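The values are calculated or read from the model by the stated rules, or taken from the named source; none is laboratory data. Note that the structure is predicted; figures quoted are calculated from it, not measured. So basically every Cβ, Gly included, is an ideal-geometry build from the backbone, and we count neighbours across all protein chains shown.
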Amino acid sequence: MKKSYFLIIVLTALMATAMLAQHRGDRRKNFREKIDQLEKIKLIEELNLTDEAAVKFFTKRSEFREKGKLLNDKIDSLSTMIRDKAAANDGQTSTNEWKKIIDEYLYTEKQLQKNKMDFFTSLQSMLSPQQMAEFLAFERRFREEVQDLILKGRPRPERE
């Protein structure tokens, strides 16, 4: 009898933990969606975009972000592989294999930067020079504001 009560309590605790983890994931997703919506609204206002220009702009930005996400995922995967191979430290990884991994990592980083430059170049054909400058300033300022909100007043390191 005691075993069944114990089993019921353990199962209930496991289910509650799983539900709580799912809820946290939903909250993070909702938080990101709200930030994205806010950013879109502020960008439309800041750049004074027409409906047609806004659709083109956000389509380009969505493509840029999706490609960037794929490249960042690849970099994360390579980084994990490097960390795992280095931690194993079993001498099984040859110098050539290390070089190949490093080259792939650096190439992917280069692709990430190229993606960003291609995105900015494509925007220059859609936005006026003033709008482009305002966008560049907005991007940095908005990211810093979001980081400040997330960190909630934690002291940030001084910039040089």
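List of remarks:
- Unique match (being assigned to a helix (DSSP H, G or I) and touching a Leu at 6+ places or on another chain (Cβ under 7 Å)) among 147, 131: 131
- When residues in region 95-111 are screened for being surrounded by fewer than 11 Cβ atoms within 10 Å (Cβ to Cβ) and either under 20 Å from residue 72 (Cβ atoms) or touching a Cys at 6+ places or on another chain (Cβ under 8 Å) (or both), 1 of them pass.
- Residue match in region 71-88 (condition: within 30 Å of residue 131 (Cα to Cα), surrounded by 12 or more Cβ atoms within 10 Å (Cβ to Cβ) and either under 17 Å from the mean Cα position of the chain (by Cα) or modelled with pLDDT of 85 or more (or both)): yes
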